[in-house]
Every structure is written in structure tokens, then in C-alpha cells.
């Protein structure tokens, strides 16, 4: 749908990972379009539980940007590093 509409840009999702690695409190902090926002939230909330590294385990708040860009007739969406 976004491809047909020619939508490009970035969605930023903030979420919390608790001590058990469970994802919660996912929210869009930078919106692009309601369809893209909804898909970015779906991706984050469907992630499996995170595994803690060594040392102290604690609750963590993170932001992940997703960029939607056009490659000719194809669209790509994924997490990006900035």
C-alpha cells in the first residue's frame, strides 16, 4: 500500500525491554504515515524476548528508526543505524 502511495521517510518507535527481555510500551515518537506507523509498531511488538548479556540485568528504553525508501519499483523497510 505504501509503495503504491509513494510514501518514503522514517518512523521512529520507542519501546521498553524489561528485566525478563519482554517488549512493552511501544509507541511511535516520529510518525510518517498511519500505515507505516502501524507496521513499525507491529514489527517491534512481534519481536521475541531479548536475551540479557552478562552482568546486571535492568529495564531499558530504546528507540529504533525504520526507514521506508524506494528502489525503482521496489520498496524496502527495515531498522537503520544513524
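Numerical summary
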read-out	value
Where residue 3 falls short, out of the listed (1) at pLDDT 90 or above; (2) in contact with a strand residue (DSSP E or B) (Cβ under 7 Å, 6 or more places away or on another chain); (3) outside any loop (DSSP other than H, G, I, E, B)	(1)
Those residues of segment 6-32 which are without any contact (Cβ under 8 Å) to a residue 24 or more places away in the chain and part of a loop (DSSP other than H, G, I, E, B), in sequence order	31
Among residues of segment 33-66, those that are in contact with a helix residue (DSSP H, G or I) (Cβ under 8 Å, 6 or more places away or on another chain) and either in contact (Cβ under 8 Å) with a residue 40 or more places away in the chain or not in a helix (DSSP H, G or I) (or both), counted	4
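The values are calculated or read from the model by the stated rules, or taken from the named source; none is laboratory data. Computed from a prediction, not measured in an experiment: that's the story for all the values here. Cβ coordinates were reconstructed from backbone atoms using ideal geometry, including for glycine residues, and neighbour counts include every protein chain displayed.
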